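Down below is the structure, laid out as structure tokens.
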Amino acid sequence: MATHNPINHPARSTYRVLTGLTGVYLVIFGGIGVATTGGDGLFAQDAGNVLGQGTNLANSLLSIVVGAIVLIATLVGRNIDVAVNRAFAYVLMALGLATLATIRTDANYLGHTLATSIVMMVLGIILLLSAMYGRVGSEEEHRAWQRARLEF
């Protein structure tokens, strides 16, 4: 399958650091959220405010899991991080949009506020950029990609 995403992009280490920071942020946000909302119900809609964002125990636990997976994939590398980043980018952006649509309804099961939805979408964009520019390959694959790009 041909890909239009670059291989061995010069900024890939920068994107990898951003991905790591995204994972760390999610784990910290989730950890503080668990500590703050631990006594409330799993899906409490007005459970807590963490780092200026609304959350509840379910959202906090979900953030820890997603952040840990992103961190592990970033540490492993070898293009596993590219696949994980792409998948979780779409998940976070869809989650941000879905919770944006349900903020002031009874369907706000994750206790999101407007700020939480925006942050989830921004984190999703960071992961998507990392997936687009983080692909690593051999020098031969890089030259083949360059040739295909120039022929297009």
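Data for the structure
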{"read-out": "Fewest-first ranking of PHE29, PHE88, using other Cβ atoms within 10 Å as the exposure measure", "value": "PHE29, PHE88"}
{"read-out": "Degrees separating the helix 139-151 axis from the principal Cα axis of the chain, which is the longest one", "value": "90"}
{"read-out": "MRE, 222 nm, helices only [DSSP H, n ≥ 4, -39500 (n - 2.57), over the chain, to nearest 500]", "value": "-23000 deg cm²/dmol"}
{"read-out": "Exposed-site-free run, longest, the chain (rule: trypsin sites (Lys or Arg not before Pro); DSSP loop; at most 12 other C-beta within 10 Å)", "value": "1-77"}
{"read-out": "Residue exposure sequence - HIS4, HIS9 - by fewest surrounding Cβ within 10 Å", "value": "HIS4, HIS9"}
{"read-out": "Amide H within-cut-off set for GLY48, under 5 Å, with H built and near neighbours excluded", "value": "THR55"}
{"read-out": "On Cα atoms only, tilt of 114-133 relative to the major axis of the chain in degrees", "value": "20"}
{"read-out": "The range 80-152: relative contact order in percent, alpha carbon pairs under 8 Å with at least 6 residues between", "value": "41"}
{"read-out": "For the chain, built as a Gaussian network whose Cα springs stay under 10 Å, the top-fluctuating residue of GLY38, GLY134, GLY20", "value": "GLY38"}
{"read-out": "Under the Karplus curve 6.51 cos²θ - 1.76 cosθ + 1.60, θ = phi - 60°, whole-Hz ³J(HN,Hα) for the range 85-96, x wherever Gly or Pro sits", "value": "4, 5, 4, 6, 4, 5, 5, 5, 5, 5, 4, x"}
{"read-out": "Whole-Hz ³J(HN,Hα) from phi, Karplus 6.51 cos²θ - 1.76 cosθ + 1.60, for the range 98-103, glycine and proline x", "value": "5, 6, 4, 6, 10, 3"}
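All of the numbers you see were taken from the coordinates with simple rules; none came from a lab. Just so it is clear, the structure is predicted and the values come from calculations on it, not from any experiment. So basically every Cβ, Gly included, is an ideal-geometry build from the backbone, and we count neighbours across all protein chains shown.
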